[in-house]
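Worksheet: the structure to be examined is printed underneath.
The values are calculated or read from the model by the stated rules, or taken from the named source; none is laboratory data. The structure presented is a predicted model; accordingly, all values stated were derived computationally and were not measured. As a convention, Cβ positions derive from the backbone with ideal geometry for all residues, glycine included, and neighbour counts pool all protein chains shown. Heavy atoms of the whole protein, side chains included, go into the accessibility calculation; ligands, DNA and RNA do not. Shrake-Rupley method; radii C 1.70, N 1.55, O 1.52, S 1.80 Å.
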Amino acid sequence: MKKISYLIALSMLGATGCSFIELKPEAEFVNVASDEMVTHCKPVGTATTKVLDSVLFFPRTEQTMATELDMLASNEAIKFGGNTIVPISDIEDGSRSYRVYHCNNGTANHQ
């Protein structure tokens with residue numbers, strides 16, 4: 001019975017927020033923005049990222065998934081020469097799409 005309790009506790013911990021996604025050092029400066037913030041930026045591509053939406057039948061929180069998806073999209077933005085990402089879809093089955101932009105001076109317009 002103790003083993004089952006430990007397994008359940010470990011599963012809950014994994015489902016609530018442990019992230020195994022690594023942000024590449026060059027992606028640390030990629031910004032997550034909104035459409036309004038990239039009006040003067042150049043679109044350079046799109047990226048779709050995916051993470052697990054459940055761990056051992058326990059659903060993961062949308063916040064945890066969003067954070068990990070943003071990190072993966074930031075890693076992808078570097079491949080396009082981008083420095084800003086904008087989510088263009090809702091999270092569905094652990095997946096989300098992003099538009100990738102290159103903004104002058106590395107920042108989107110803050111209105």
Q: Working only within region 24-75, note down all residues that are open to solvent by 60 Å² or more (accessible area, probe 1.4 Å), outside any loop (DSSP other than H, G, I, E, B), touching a residue at least 12 places away in the same chain (Cβ under 8 Å) and closer than 21 Å to residue 92 by Cβ.
A: 32, 35, 46, 48, 50, 58, 59, 62, 67
Q. Assuming residue 98 fulfils every condition listed in (1) in a strand (DSSP E or B); (2) over 11 Å from the mean Cα position of the chain (by Cα); (3) not hydrophobic (A, V, I, L, M, F, W, C) apart from one, which condition is it?
A. (2)
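Does region 103-110 contain any residue that is modelled with pLDDT of 95 or more and not in a loop (DSSP other than H, G, I, E, B)?
Looking for residues that are modelled with pLDDT of 95 or more and not in a loop (DSSP other than H, G, I, E, B), one finds none in region 103-110, hence no.
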Q) What is the one condition in (1) farther than 19 Å from residue 22 by Cβ; (2) open to solvent by 30 Å² or more (accessible area, probe 1.4 Å) that residue 101 does not satisfy? A) (2)
Q.
If a residue must be in contact (Cβ under 8 Å) with a residue 40 or more places away in the chain and either aromatic (Phe, Trp, Tyr) or surrounded by fewer than 16 Cβ atoms within 10 Å (Cβ to Cβ) (or both), how many such residues does region 76-88 contain?
A. 1
Q.
Being at pLDDT 95 or above and in contact with a Lys or Arg (Cβ under 8 Å, 6 or more places away or on another chain) is true for just one of 32, 44, 86. Which residue is that?
A. 86
